[in-house]
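Notes to accompany the following structure.
The numbers here are math on the coordinates, done by the rules we state, and not lab data. Since we're looking at a predicted model, the values are computed, not measured. Cβ placement follows ideal geometry from the backbone for every residue including glycine, while neighbour counts extend to all protein chains displayed.
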Amino acid sequence: MIDTGFSGFLSLPSAIITTLNLPWSASDIVTLGDGSEALFDLYTAVVIWDGQYRDIYIAESETEPLLGMAMLYDYRLQVDAVEGGIVKIEAL
């Protein structure tokens, strides 16, 4: 799920982080969409994004996986805001 209010790269639940055996990097306080603050554990990973390897931080969160704006930097996000609409991500 794309979250334009999430400034990080990616969030994943703890079960997936454990399965992938991702190394813990740090904890950080982040501001949530409602203005409250929460402490998140951050893990490091290498992902393939648009055919390139990228080192990213993954925030541990017990929600659906979220793709944040840091992953979309230098990309255009186009959304057809209707049920079943097309979501398109392309390099600028």
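Using a ≥ b ≥ c from the Cα gyration tensor of segment 33-84 (square roots of the eigenvalues), is it rounded, prolate or oblate, where a/c under 1.5 gives rounded and otherwise the larger of a/b and b/c decides, a/b for prolate? Oblate is the answer for segment 33-84, as a/c is 1.5 or above yet b/c matches or exceeds a/b.
A prolate overall shape is assigned to segment 9-57, the ratio a/c of its alpha-carbon gyration tensor axes (a ≥ b ≥ c) being 1.5 or greater and a/b exceeding b/c.
Distance distribution P(r), the chain, all Cα-Cα pairs, bin width 10 angstrom from 0: 15, 46, 31, 8 percent.
Going by C-beta contacts inside 10 Å, put 39, 10, 72, 22 in order with the fewest on the left. Could the numbers behind the result be given before it?
Working: 39 8, 10 21, 72 15, 22 18.
By the 10 Å Cβ count, ascending: 39, 72, 22, 10.
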